[in-house]
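To keep things clear, I will list the structure first and then write my remarks on it.
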Amino acid sequence: MVKTTLTVDGMMCSMCESHVNDAVRGATTVKKVTSSHKKGVTEILSEETLDEEALRTALEAAGYRVLAYESTPYEKRGLFGRK
């Protein structure tokens with residue numbers, strides 16, 4: 001699994017979070033996506049590395065701007081942080 005973290009400019013409220021999440025789901029295949037307007041961050045879990053340009057394009061079309069993109073391997077941990 002891969003965890004992709006985006007710093008997103010333009011999220012002002014919980015409805016913005018929903019719009020960003022919908023744009024991400026429409027542009028790529030994801031397992032989970034969560035956004036925080038307070039932090040300005042969107043976190044995405046997916047099976048494979050995502051197309052950065054597709055994400056940027058989808059979010060710009062929705063009225064938001066990606067300021068930073070980071071993709072790292074993700075390993076789900078068990079109960080209390082144990083593998």
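Residue pairs whose Cβ atoms lie under 8 Å apart, separated by 6 or more positions or on different chains, with the first residue in segment 53-74 and on the phi > 0 side of the Ramachandran plot and the second at pLDDT 95 or above and surrounded by 14 or more Cβ atoms within 10 Å (Cβ to Cβ), are Gly63/Gly10; Gly63/His19.
Criterion applied to Thr5, Thr57 was being within 23 Å of Lys76 (Cβ to Cβ) and modelled with pLDDT of 95 or more, and the one residue passing it is Thr5. Go through (1) farther than 16 Å from Thr5 by Cβ; (2) among the acidic types (Asp, Glu); (3) in contact with a strand residue (DSSP E or B) (Cβ under 7 Å, 6 or more places away or on another chain) one by one and return the number of the condition Glu43 breaks. Here Glu43 clears every test but (1).
The values are calculated or read from the model by the stated rules, or taken from the named source; none is laboratory data. Keep in mind it's a predicted model, so treat the numbers as computed, not measured. All Cβ positions, glycine included, derive from the backbone under ideal geometry; neighbour counts span all protein chains shown.
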